[in-house]
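Worksheet: the structure to be examined is printed underneath.
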Amino acid sequence: MVAFFVIATSAVFAQQKPKNIVFIIGDGMGLAHIYAGMVTNANHLQMERFKNIGFSKTYSANNFTTDSGAGGTALACGVKTKNGMIGMTPDSLVAQSILEVASRNGLSTGVVVTCDVTHATPASFIAHQVSRKMTQEIAADYLKSCVDVFIGGGRKNFRNRTDNRDLIVELSNNNYNVAFTLDEVQKVKSGKLAGLLYDGHNPPIPERGDMLPTASIAALDILDNNKNGFFLMIEGSQIDWASHNNDASQIIREVLDLDNTIGKVLDFAEQNKNTLVIVTADHETGGLTLPSGDMLKEVVNGDFSTKDHSGVLVPVFAFGPGAEQFTGFMENTSFKNKMVKLLKLKD
Ligand code: MG
Ligand code: ZN
């Protein structure tokens, strides 16, 4: 009898569609990064709450090993493009992101990152430029976009510009609440919010404190006012940078910061019941392996095969209505269309 009810419940759950999606990206976060975080955190992570698990193939249009521009564009826009490109096909045509499609369909949208908001991953959801290096153009694309909430670093690309535009003033004129501190971010409870907390990137953990979980909750608080639903992208941006530095201790700190954030989002999703939460990476960084460690002492020894990205599969985790669609092996370009269908959006 018990078994019957379990089957019946999961069958009903499988037919449900989410109203909201939170898409969480650990930049450069491979399986070894996750396990390093787990072992050093008393053998547990919030990520263990996910029961739907899969793998994503991360190669780009012109390279076995993707960068975060092509990787972000694949996840956001559903197209394989050339390394370095943002929100465009290989022949420089604009590719619409899931965030843009959601916004056009009346959903609220947001982006929360621990880097400059013009950096490759968030840019892939907002901007359309042939090169990720065009950070001033990407900042200007925020003004063209309809994103409701964005929080991260990168004030300088909005203010100290070669075209002399002051995009901070323009954001205010476009009805954004502009916040320069986490306290100011938390005071905004509705409407549009531009949280530009640093001139450049946010500092690494531990200097950054609980910026990522706090900003993510603040964004959820605003976005869930919309009865039509919302799409929110959250990035643990600096797992990648610690990995480029082959710094295992810093990788662990950044993974645990993202995992803590994931726990808060899952708490929200468990209560809300209409929210699909997806976690993945744009690629692995460092070619990290863990040849040895000690479970009792909660330590691992990391070995790296590169100072750059690697081409291995990255894990995918999903929770909530529609989560079963993110299991098995998948292309990194498959996320967008699945999300469009689940949210019943007109692309
Ligand atoms: Mg990134
Ligand atoms: Zn990288």
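Before moving on, here are some points about what is shown:
- With contacts taken as Cα pairs under 8 Å at a separation of at least 6 residues, region 189-347 carries a relative contact order of 19 percent.
- Förster radius 45 Å - calculated FRET efficiency between THR327 and GLU170, Cβ distance, rounded to 0.05: 0.55
- Each residue of region 180-193 was assigned a 3J(HN,Hα) from its phi angle through the Karplus curve 6.51 cos²θ - 1.76 cosθ + 1.60 (θ = phi - 60°); the sequence is 10, 10, 5, 4, 5, 4, 5, 7, 7, 10, 7, x, 9, 9 Hz, with glycine and proline shown as x.
- Charge dipole (Cα centre; +1 on Lys/Arg Cβ, -1 on Asp/Glu Cβ; no other charges) of region 239-289 amounts to roughly 180 debye.
- Rh by Kirkwood over Cα pairs, then Stokes-Einstein D for region 68-169 at 0.692 mPa s and 37 °C, µm²/s: 246
- Portion, in percent, of the accessible area of the chain that falls on carbon or sulfur, probe 1.4 Å: 53
- At R0 = 35 Å, FRET efficiency that the Cβ-Cβ distance of LEU143 and SER305 yields, to 0.05: 0.25
- The distance linking region 86-159 with region 37-69 is 23 Å (Cα centroid to Cα centroid, whole angstrom).
- Sites listed here are trypsin sites (Lys or Arg not before Pro) in region 45-89 whose DSSP assignment is loop and whose Cβ has at most 13 other Cβ atoms within 10 Å: LYS51.
- Using Cβ point charges alone (K and R +1, D and E -1), the dipole size of the chain about the Cα centre works out to roughly 1120 debye.
- Percentage of interatomic Cα-Cα distances in region 2-342 larger than 37 Å: 12
- Region 2-342, relative contact order in percent, only Cα pairs under 8 angstrom and at least six apart counted: 31
- Hypothetical label at LYS273: residues of region 201-239 whose amide nitrogen lies under 20 Å (7 Å Cα-Cβ projection): 221, 224-230
- Accessible area (Å², per residue) of the chain, counting only protein heavy atoms and a probe of 1.4 Å: 40
The values are calculated or read from the model by the stated rules, or taken from the named source; none is laboratory data. Bear in mind that the values here come from a model prediction, so they are computed numbers and not experimental data. So basically every Cβ, Gly included, is an ideal-geometry build from the backbone, and we count neighbours across all protein chains shown. Ligands, DNA and RNA are excluded from the accessible area calculation, which covers all protein heavy atoms including side chains. Shrake-Rupley method; radii C 1.70, N 1.55, O 1.52, S 1.80 Å.
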